[in-house]
Every structure is written in structure tokens, then in C-alpha cells.
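K.L.:
Mind having a look at this structure? Questions to follow.
The values are calculated or read from the model by the stated rules, or taken from the named source; none is laboratory data. Computed from a predicted model, the values in this text were never measured in an experiment. Positions of Cβ are generated from backbone atoms using ideal geometry, with glycine treated the same way; all protein chains shown enter the neighbour counts. Just so you know, the surface numbers come from the protein's heavy atoms only, side chains and all, with ligands and any DNA or RNA stripped out. Shrake-Rupley method; radii C 1.70, N 1.55, O 1.52, S 1.80 Å.
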Amino acid sequence: MTDSTRPATSSQSASEPLVTVDVWTDVVCPWCYIGEARLHDAIAAEGLQDQVRVRAHSFELDPTSPTDTVHDNVEHLVTAKGMPEEKVREMEGQIRAMAQELGREYVSDRPMANTRGIHRVMQAISETHGGQAATDFFLGLQRGYFTGGANPFDEATVIAEAVEAGLSEEVARAALAGRTHDDAVEAEVREAAAMGARGVPFFLFNDTYTAPGALPLEAFRQALREIADEARSERAQA
């Protein structure tokens, strides 16, 4: 992990979680899905379930993805990245094996399109109902995408999930269509870039320490343990 240049926030009170994990992520990012699973397992393994707050932030894995066309994810990588189909499927198989080791389902054949609208909806939920509701919406949609239970490029699905999160249908449709909250998405993308992020997942612990990529489970555990101990010490001295 490295120190972040992001300005530090005020000290947390005793009633707040010991550790805040900000994660820049995209709904179609397989390594984000793996990273979130490892982080989840690390939190549980360290007994910190009630002491860690995870907040999702917007980052587009591929801003050039089409906004009006949905492709197969394998086809997308073959066409957009110039990767041989055999290589793409081999990579998908490797990630599926990692997910299975974590007890997560993983569907290799998935739809693929531009994710900007989904991020705008997340930002609308955050503005109206707070970061936790927005994070639950986004990570739930991401899990559904990789398990085959939800299509984030189906308008009805996204609207239904947004309404379930507390957003009005009118506001959700406006955000999904690009009429609102685009600036909020762009601001979070720029914030990650300013801290050195070149891809996702990208993690920020307690507004201080950054870590790129889907860290191994033990690395997450060590980071959480050390940062939680540091936070306890700071609170004891306050």
C-alpha cells in the first residue's frame, strides 16, 4: 500500500467504524468482483464485520464501450482489445476458478456495453439516500452480473434496483439516460486518477493508504489488521 495524496478527513468518533475502505470499481470488471469477494472474506476473517465501512466509487473500465449496443463480453475483448478468443476464454476460466475458490459463482458469457449510465444512477442514489445505499445498489448489481442473475444493461432491471434502493423512478430514468449526475461520475474518475489509479479495483483505506488491484486475501487481512490497530491507537490517544 502507498500513502494517498487525498486530504485527510477529521478523526472518526468512537461510534464510527475503525476502517473505511473506498473502492473505485466498475460493474463489468471481473477483478473488481474478485477483489470485493476477497475484501469481504478478509473483513470476516479479522472479525471486523461491524468495524469496516465499504464505499463504492465510479470508474469506467472501458469508456469507449458502445452506449447503444450490447455485445457479448468475449466478442467485446476480441474486437476492442485485439485479443484472440482462445486467450479470452482461457482468462475467463482462470478468473472463474478464483471465484469458485472464494465460494462465488462466475458466469463467463456475459453482456457488455457502456456502464456510464449505471454509474450515474449510483451517484443519484448517493446524493438522495447516502453512500451506503448507493454502494449496496452497485455491488448488488455487480454480483448479479457475474452470477448471471442480473443484466445491468437492461433498463428495467437497473430502474427496478434503483427504486428498491429508494430512488424515484423519474430520477433513476433521468440519470440512466444521461440527463443528470454525469459531473459526479466524472469527478470520482478524476479523483482516482489524481491518486494514481490507472485501472480498477483501486482501494483507499482511511483516506490515507492506497492499494491498486485485487489484493490477495492475506494482503487484505494484514492491511485491515494494521489499519484497525492504528485507528484504535489514535482513538485511545484522542
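K.L.:
In the set Gln100, Gln51, which member is modelled with pLDDT of 95 or more, closer than 30 Å to Arg232 by Cβ and of a type in the set (S, T, N, Q)?
P.N.:
From the options Gln100, Gln51, the qualifying one is Gln51.
K.L.:
From the list Ala177, Ala192, Ala184, exactly one residue is surrounded by 15 or more Cβ atoms within 10 Å (Cβ to Cβ), out of contact with any strand residue (DSSP E or B) (no Cβ under 6 Å at 6 or more places or on another chain) and of a type in the set (A, V, I, L, M, F, W, C). Which is it?
P.N.:
Of Ala177, Ala192, Ala184, the one residue that is surrounded by 15 or more Cβ atoms within 10 Å (Cβ to Cβ), out of contact with any strand residue (DSSP E or B) (no Cβ under 6 Å at 6 or more places or on another chain) and of a type in the set (A, V, I, L, M, F, W, C) is Ala184.
K.L.:
Please specify each residue of segment 187-238 satisfying the condition of being closer than 18 Å to Ala56 by Cα, of a type outside the set (Ser, Thr, Tyr) and part of a loop (DSSP other than H, G, I, E, B).
P.N.:
Met195, Gly196, Ala197, Arg198, Gly199, Val200, Pro201, Asn206, Asp207, Gly213, Ala214, Leu215
K.L.:
Examine segment 21-39 for a residue that is closer than 18 Å to Gly144 by Cβ, open to solvent by 60 Å² or more (accessible area, probe 1.4 Å) and without any contact (Cβ under 8 Å) to a residue 24 or more places away in the chain, and state whether such a residue exists.
P.N.:
No, because not a single residue in segment 21-39 is closer than 18 Å to Gly144 by Cβ, open to solvent by 60 Å² or more (accessible area, probe 1.4 Å) and without any contact (Cβ under 8 Å) to a residue 24 or more places away in the chain.
K.L.:
Moving on. Got a sec? Which helices (runs of 4 or more DSSP H) wholly within segment 43-136 have at least 2 residues that are open to solvent by less than 50 Å² (accessible area, probe 1.4 Å) and in contact with a strand residue (DSSP E or B) (Cβ under 6 Å, 6 or more places away or on another chain)? Talk me through it step by step, then tell me what you get.
P.N.:
Numbers: elements: 73-80, 85-101, 116-129.
Answer list for segment 43-136: 73-80.
K.L.:
Between Arg198, Arg235, which is open to solvent by 30 Å² or more (accessible area, probe 1.4 Å), closer than 21 Å to Ile95 by Cα and of a type in the set (D, E, K, R)?
P.N.:
Every option except Arg198 fails the conditions.
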